[in-house]
Amino acid sequence: MAEVESFGLDHTKVQAPYVRLAGRKRVASGVVEKYDLRLAQPNREALPTAALHTLEHLLAGYIRDHLPGVIDLSPMGCRTGFYLVAEGPLEEEEVLLAFERALRDVLLHQGPIPGASFRECGNYRDHDLEGAKAWAEKVLRAGLKVQPTIPL
């Protein structure tokens, strides 16, 4: 099996919430980078699926408002955060600031959740706007930081 970067991260030593450069790959058009946007402390807490799902829908748009070149934002299977894939090179502080601004946008969000209808979403009943806002507020109150990679 190929090596997976996150399996080599010492999850007992990182301190959430944080932003971490998790990978960089040269491609024909330049550089693609993967960032670990961690909201919850690994193995101590996890986001409920409905709140995580709603954050995914909201952050997918809001992060693009603040950061150029976003390719994808996807939730982690462990439900502790998201992976952000973007055209690089970017600075971790730039990603941190965009993530912070996007979380502030989540707090201000009014109305329907984008892309959350039966036709647009594969699990449209599993959303929780208030839960998403509570996690955004928790992370902003705790303060984001840049986390270096701590290998096993």
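Bear in mind these aren't lab numbers, they're just calculated from the coordinates by the rules spelled out. Just so it is clear, the model here is predicted, and its values are computed rather than measured. Cβ placement follows ideal geometry from the backbone for every residue including glycine, while neighbour counts extend to all protein chains displayed.
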Placing +1 on each Lys and Arg Cβ and -1 on each Asp and Glu Cβ in segment 29-111, then taking the dipole about the Cα centre, the residue among V106, A50, G88 whose Cα reaches farthest towards the positive end is A50
The answer for the net charge of residues other than V4 whose Cβ lies under 13 angstrom from its Cβ, with Lys and Arg +1 and Asp and Glu -1, is -2
The Rg/Rh figure for segment 66-152, Cα atoms and Kirkwood Rh, to two decimals is 0.98
Residues meeting the amide H criterion for V146 (H placed from the backbone, H to H distance under 5 Å, 5 or more places apart or on another chain) are V19
Taking the chain, the equivalent ellipsoid from its C-alpha gyration tensor has semi-axes in Å, biggest first, of 24, 18, 16
With x for Gly and Pro, the residue-by-residue ³J(HN,Hα) of segment 61-67, computed from phi through the Karplus equation 6.51 cos²θ - 1.76 cosθ + 1.60 at θ = phi - 60° and given in whole Hz, is x, 5, 5, 5, 5, 10, 9
Here the gain from full extension of A46 to Q15, 0.36 nm per residue of separation minus their alpha-carbon distance, amounts to 9.8 nm
Measuring from its Cα centre, the chain shows a charge dipole (+1 at each Lys and Arg Cβ, -1 at each Asp and Glu Cβ) which, in debye to the nearest 20, is 200
Per the helix-only model, the chain has a calculated mean residue ellipticity at 222 nm (DSSP H runs of ≥4, -39500 (n - 2.57) each, divided over all residues, rounded to the nearest 500) of -10500 deg cm²/dmol
Once A2 and E91 are pulled to full extension, the length gained, defined as 0.36 nm per residue separation minus their Cα-Cα distance, is 29.3 nm
Karplus-derived 3J(HN,Hα) from phi for segment 92-102 (6.51 cos²θ - 1.76 cosθ + 1.60, θ = phi - 60°), whole Hz, x at Gly and Pro, runs 4, 5, 5, 5, 4, 4, 5, 5, 4, 5, 5
Per DSSP, the loop-located chymotrypsin sites (Phe, Trp or Tyr not before Pro) within segment 105-152 having at most 11 other beta carbons within 10 Å are F118
Whole-Å distance linking the alpha carbon centroid of segment 1-68 with that of segment 113-143 is 16
